[in-house]
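Since the structure comes first, as structure tokens, the remarks are kept for the end.
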Amino acid sequence: MSDLFKKAISLGLGLTVVSKEKVEKVVDDLVKRGELAPSESKALVGRLIERGEEEQTQIKTLIYDQVKRVLSELNVPSENDVAALEQRIAALELRVQELEGQRSE
């Protein structure tokens, strides 16, 4: 079964973008060619789908980390940086209002 799993992957499934239907079709083709017993096909489909989901998660994590690194290198402020600045601006606006109120007294 492990050899078949590797063979299916090497067939170029591109598990990260393949639909369940396409995986099932490839596995059905393996069964038709006699490279896989019909009783093993359901388990292989399940394993391939699971592997595809794992790869999608890994790719998303990799992309997120790369984007975060690039944004940091470009000195793009983070959401927390912007929130902190908004709080400082609000505090300064309040202070300006207080000072302007003292002048008119």
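The values are calculated or read from the model by the stated rules, or taken from the named source; none is laboratory data. Nothing here was measured: the structure is a model prediction, and the numbers come from that model. A quick note on method: Cβ atoms are made from the backbone with ideal geometry, for glycine too, and the neighbour counts reach across all protein chains shown.
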Neighbours by Cβ (under 7 Å, 6+ apart or cross-chain): first from segment 53-76, surrounded by 10 or more Cβ atoms within 10 Å (Cβ to Cβ); second outside any helix (DSSP H, G or I): 55/15; 55/16; 56/16; 59/16
From the set of residues in segment 79-105 that are part of a helix (DSSP H, G or I) and of a type in the set (S, T, N, Q), which is modelled with the highest pLDDT? 87
For segment 33-52, how many residues are without any contact (Cβ under 8 Å) to a residue 12 or more places away in the chain and part of a helix (DSSP H, G or I)? 5
Restricting the search to segment 56-78, which residues are farther than 30 Å from residue 20 by Cα, aliphatic (A, V, I, L, M) and part of a helix (DSSP H, G or I)? 70, 71
